[in-house]
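A.B. asks: Pasting a structure here, questions to come.
The values are calculated or read from the model by the stated rules, or taken from the named source; none is laboratory data. Bear in mind the structure is a predicted one, so any value in this text is a computation, not a measurement. Don't worry about glycine lacking a Cβ; one is built from the backbone with ideal geometry, like all the others, and counts go over all protein chains shown. Keep in mind that these areas ignore ligands, DNA and RNA; they rest on the heavy atoms of the full protein, side chains included. Shrake-Rupley method; radii C 1.70, N 1.55, O 1.52, S 1.80 Å.
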Amino acid sequence: MIYLDNAATTRVSAEVYEAMKPYFCEQYANPSAIYSFAGSAAKAVDEARRQSAALIGAQPNEIYFTAGGSESDNWAVRAATEASAGKGKHIITSKIEHHAILHTCQYLEKHGYEVTYINVDENGTIKLDELEAAIRPDTTLITIMAANNEIGTIQPLKEIGALAKKNGILFHTDAVQAYGHIPLDVDALNIDLLSASGHKFHGPKGIGFLYIRKGVRMGSLIHGGAQERARRAGTHNTPGIVGLGAAAALAAAQMEKSIDKETTLRDYLIKRVLEEIPYSRINGHLVNRLPNNANFCFRFIEGESLLILLDQKGICASSGSACTSGSLDPSHVLLAIGLPHETAHGSLRLTLSDETTKEEIDVTVEALKNIVARLRSMSPLYEDFVKAQRQDREK
Ligand SMILES: *Cc1c(COP(=O)(O)O)cnc(C)c1O
């Protein structure tokens, strides 16, 4: 098997798994308990909080553990806007956010909020001038993702953060694809709220956090006990939290090396595909791009059939995001960068990890060449296109 769907989820790394193990059957105490048996679990949660914070230059007490990226996104957008509803009810986001953001914004629109969805250019970079023009006296939150999960484009966070700060608006970023993969600093980028998720960087599933800058006023999404400084109720998921912290520490130690390795492999993959497969294109920014992301379109090809044939060769890939595959709608991200509907249907996302090898990329490119040629040989659209080209040439 060749696993090239690391934007959907990653393998829990061996070190992370080892770190988690004692907290299932041995140190199983509720970390909030008073007795000394709970001390080790409580210490482990503290350590994970420190590790998670260190990766983005935050203070440990600004990290609030949640059940993952979707919860962090929902919480940030709902609670931050609710808390400042007295000032106004206008939110700014982009057209290419993850559905955890977009659907939360749509929910708020049904409850009296107004949302402006900023356009992106053909590379998937948000239009800063449009963002600046959208700011109003009643704008209370800007939520723009750090890096896109489909096409890998990294957003100009520093510029967005500066605009937000200048105008006294909170800045939230969905950093689920970026955290643990590229350097992020909440102070340098003026980020007030940041979402991350363990399973996107070799940690476990169902655990994440929301970074909330000290002093930001906002309520809870999950009401109940006094965990997480009374802001996020629920017994701590000790093994998950420990795993998240361990993954963050590993990411910190290996980031530079991983970025180098993944970028080299990614660019090799992109070069081979574009050179060896006719009528292919790369989506997303070529430079401001996640080190592990490649997203292609192949004209005259259905993304769905491509995935099935790749699967038959043992290659796990995806068309756009895992959350939308299974639906026949074209990707909202590919439409936003200006691709026509029929092209947006034919996309392929290959996302690497630092475990991916050059051999795996070679096998994948060869398989892709064969599959694309085979699908095109069965496509009446492609046949017509080739005929029309030949006639053009003969004229
Ligand atoms: C995966 C993902 C999410 C959702 O995170 P979960 O932990 O799976 O809930 C949110 N935003 C982006 C950009 C993602 O890639």
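A.B. asks: Considering only residues that are touching a residue at least 40 places away in the same chain (Cβ under 8 Å), open to solvent by 40 Å² or more (accessible area, probe 1.4 Å) and small (Gly, Ala, Ser), look in region 32-69 and name the one that is nearest to the ligand (Cβ to nearest atom).
C.D. replies: Ala67
A.B. asks: Here's another thing I want to ask about it. For region 29-41, check the following and say yes or no: at least one residue is assigned to a helix (DSSP H, G or I) and under 26 Å from the mean Cα position of the chain (by Cα).
C.D. replies: Checked against the condition, which is being assigned to a helix (DSSP H, G or I) and under 26 Å from the mean Cα position of the chain (by Cα), region 29-41 yields no hits at all.
A.B. asks: Which is under 30 Å from Leu350 (Cα atoms), in contact with a Leu (Cβ under 9 Å, 6 or more places away or on another chain) and of a type outside the set (Lys, Arg), of Ile135, Ile144, Ile63, Ile101? Reasoning before the result, please.
C.D. replies: On the way: Ile135 fails: under 30 Å from Leu350 (Cα atoms); Ile63 fails: under 30 Å from Leu350 (Cα atoms); Ile101 fails: in contact with a Leu (Cβ under 9 Å, 6 or more places away or on another chain).
So the residue among Ile135, Ile144, Ile63, Ile101 that is under 30 Å from Leu350 (Cα atoms), in contact with a Leu (Cβ under 9 Å, 6 or more places away or on another chain) and of a type outside the set (Lys, Arg) is Ile144.
A.B. asks: Let me ask you something else. If you go through region 127-144 one residue at a time, how many are within 16 Å of Leu194 (Cβ to Cβ) and either basic (Lys, Arg) or more than 12 Å from the ligand (Cβ to nearest atom) (or both)? Even if it seems obvious, please write down each step before you answer.
C.D. replies: Quick first cut of region 127-144, residues within 16 Å of Leu194 (Cβ to Cβ) only: 141-144.
Of the ones still in play, those that are also either basic (Lys, Arg) or more than 12 Å from the ligand (Cβ to nearest atom) (or both) are 141-142.
Looking only at that region, the number is 2.
A.B. asks: Kindly evaluate Pro291 against the criterion of being part of a loop (DSSP other than H, G, I, E, B) and in contact (Cβ under 8 Å) with a residue 60 or more places away in the chain. Steps first, please.
C.D. replies: On the way: part of a loop (DSSP other than H, G, I, E, B): yes; in contact (Cβ under 8 Å) with a residue 60 or more places away in the chain: yes.
Criteria met by Pro291.
A.B. asks: Continuing with the same structure: Under the condition of being under 21 Å from Glu82 (Cα atoms) and polar (S, T, N, Q), which residue from region 145-189 is farthest from the ligand (Cβ to nearest atom)? Walk me through it before giving the result.
C.D. replies: To start, the set of residues in region 145-189 that are under 21 Å from Glu82 (Cα atoms) comprises 145, 161, 164-165, 167-174.
Still in the list and also polar (S, T, N, Q): 167, 173.
Details: Asn167: 25, Thr173: 10 Å.
Restricting to residues being under 21 Å from Glu82 (Cα atoms) and polar (S, T, N, Q), the top hit is Asn167.
A.B. asks: Another question, then. Read through the list (1) of a type in the set (D, E, K, R); (2) surrounded by fewer than 16 Cβ atoms within 10 Å (Cβ to Cβ); (3) within 24 Å of His98 (Cβ to Cβ), then give the number of the only condition that Asp5 fails.
C.D. replies: Checking Asp5 against (1) of a type in the set (D, E, K, R); (2) surrounded by fewer than 16 Cβ atoms within 10 Å (Cβ to Cβ); (3) within 24 Å of His98 (Cβ to Cβ), the one that fails is (2).
A.B. asks: To continue, here is another question. Residue by residue through region 70-84, note down the ones that are within 12 Å of the ligand (Cβ to nearest atom) and open to solvent by 10 Å² or more (accessible area, probe 1.4 Å).
C.D. replies: Once the filter is applied, which keeps residues that are within 12 Å of the ligand (Cβ to nearest atom) and open to solvent by 10 Å² or more (accessible area, probe 1.4 Å), region 70-84 yields Ser70, Glu71, Asn74.
A.B. asks: Give me a count of the residues in region 356-386 that are open to solvent by less than 90 Å² (accessible area, probe 1.4 Å) and assigned to a loop (DSSP other than H, G, I, E, B).
C.D. replies: 3
A.B. asks: A follow-up question, please. Residues of region 265-283 being in a helix (DSSP H, G or I), of a type in the set (D, E, K, R) and surrounded by fewer than 19 Cβ atoms within 10 Å (Cβ to Cβ), which ones? It would help to see each step written out before you state the result.
C.D. replies: First, pick out the residues of region 265-283 that are in a helix (DSSP H, G or I): 265-276.
From what is left, the residues that are of a type in the set (D, E, K, R) are 266-267, 271-272, 275-276.
Hits for region 265-283 are Asp267, Lys271, Arg272, Glu275, Glu276.
A.B. asks: Related question: Among the numbered conditions (1) open to solvent by 10 Å² or more (accessible area, probe 1.4 Å); (2) within 16 Å of the ligand (Cβ to nearest atom); (3) out of contact with any strand residue (DSSP E or B) (no Cβ under 6 Å at 6 or more places or on another chain), tell me where Met218 comes up short.
C.D. replies: (2)
A.B. asks: When region 190-210 is examined, which residues are found to be near the ligand (Cβ under 8 Å from one of its atoms) and among the polar types (S, T, N, Q)?
C.D. replies: Ser195, Ser197
A.B. asks: Where the second residue is of a type outside the set (Gly, Ala, Ser) and within 12 Å of the ligand (Cβ to nearest atom) and the first is closer than 13 Å to Ala7 by Cβ and open to solvent by 30 Å² or more (accessible area, probe 1.4 Å) and lies in region 177-200, which pairs have Cβ atoms under 7 Å and are six or more apart or on separate chains?
C.D. replies: His199/Thr9; His199/Thr10; His199/Lys205
A.B. asks: Let me ask something else. Of the conditions (1) outside the structural domain of Arg49 (by TED's automatic domain parsing); (2) open to solvent by less than 10 Å² (accessible area, probe 1.4 Å); (3) out of contact with any strand residue (DSSP E or B) (no Cβ under 6 Å at 6 or more places or on another chain); (4) not basic (Lys, Arg), Leu244 clears all except one; give me its number.
C.D. replies: Among (1) outside the structural domain of Arg49 (by TED's automatic domain parsing); (2) open to solvent by less than 10 Å² (accessible area, probe 1.4 Å); (3) out of contact with any strand residue (DSSP E or B) (no Cβ under 6 Å at 6 or more places or on another chain); (4) not basic (Lys, Arg), Leu244 violates only (1).
A.B. asks: Hey, any hits in region 320-335 for a residue that's at pLDDT 95 or above, open to solvent by 60 Å² or more (accessible area, probe 1.4 Å) and not assigned by TED's automatic domain parsing to the domain that holds Asn119?
C.D. replies: No, that holds for no residue.
A.B. asks: Within region 99-113, track down each residue that is exposed (fewer than 14 other Cβ atoms within 10 Å of the Cβ) and away from the ligand (no atom under 16 Å from the Cβ).
C.D. replies: Glu109, Lys110, His111, Gly112
A.B. asks: Can I ask one more? Quick check on my filter: what residues within region 114-129 are farther than 20 Å from Ala175 by Cβ and surrounded by 16 or more Cβ atoms within 10 Å (Cβ to Cβ)?
C.D. replies: First pass over region 114-129, keeping only residues farther than 20 Å from Ala175 by Cβ: 114-116, 119, 121-122, 127, 129.
If the condition is that a residue be farther than 20 Å from Ala175 by Cβ and surrounded by 16 or more Cβ atoms within 10 Å (Cβ to Cβ), then Val115, Thr116 are the ones that fit.
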